[in-house]
């Protein structure tokens, strides 16, 4: 009996996964041409357009996609009598695509990206759109990049054969600044006893003992004896 239940559960998961994969494949086949047309006009990767649409509309299966033709999660007034929603409606899906590009071009948070990145640099486009506040999730850009890689959407970007992908610079790690004369340190945002102790070649417990701390919790602006 248990084996039967496990088999049925596994079969359901496989069917569900295959259905979602097929829905995504069908979506790409349907809208790839529209994404490429907009790519050539606006010089933004077709992969970015498709991946964001897939993500925001669940490959065209979400309610706002089905009832409002809204594939990019853009909010606004709508005249739908079928659902109540804070999202904008469109006469057609293609108009949703076109408005998405107009939206990016018309907002100061995003329009500088068109000058900064080319139509092949999908990774920096994803990160730039996230920085501009398009989505609240901190992992949004990573999710978009993941969709592009999983579905090989970069193949729609018409990259030259000799194109070299831009490598993002390593993040700058801020080192703690010390007041050597008084042998004290003022805690900065993002600091921890571990990072301070490592930079000072001591241990968190030693700093705690010297400052009479009962826990390792510290806060910005706090002065520590070292």
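Structural remarks
- For 194, 120, 67, order by how many other beta-carbon atoms lie within 10 Å, fewest first: 194, 67, 120
- Protection proxy ranking for 144-155, 99-110, using the average of other Cβ atoms within 10 Å per residue and placing the highest first: 144-155, 99-110.
- Tensor-based shape of the range 178-225 (alpha-carbon gyration tensor, a/c under 1.5 rounded, otherwise prolate or oblate): rounded
- Calculated FRET efficiency for the pair residue 189/residue 22, C-beta based, R₀ 45 Å, to 0.05: 0.45
- The modelled label-to-label distance for the pair residue 214/residue 116, using points 7 Å beyond Cα in the direction of Cβ, is 4.7 nm.
- Relative contact order of the range 106-155, defined on C-alpha pairs under 8 angstrom at six or more residues apart (%): 32 percent
- Computed lengthening from residue 75 to residue 152, 0.36 nm per intervening residue step minus Cα-Cα distance: 24.8 nm
- Take the Cα of residue 162, step 7 Å toward its Cβ, do the same at residue 42, and the gap between the two points is 3.0 nm.
- Over the range 178-225, Cα pairs under 8 Å with separation of 6+ residues give a relative contact order of 50 percent.
Values quoted throughout were computed directly from the atomic coordinates according to the rules given, and no laboratory measurement underlies them. Because the structure is a prediction, the values reported are computed rather than measured. Please note: Cβ atoms are built from the backbone with ideal geometry, for glycine as well, and neighbour counts cover all protein chains shown.
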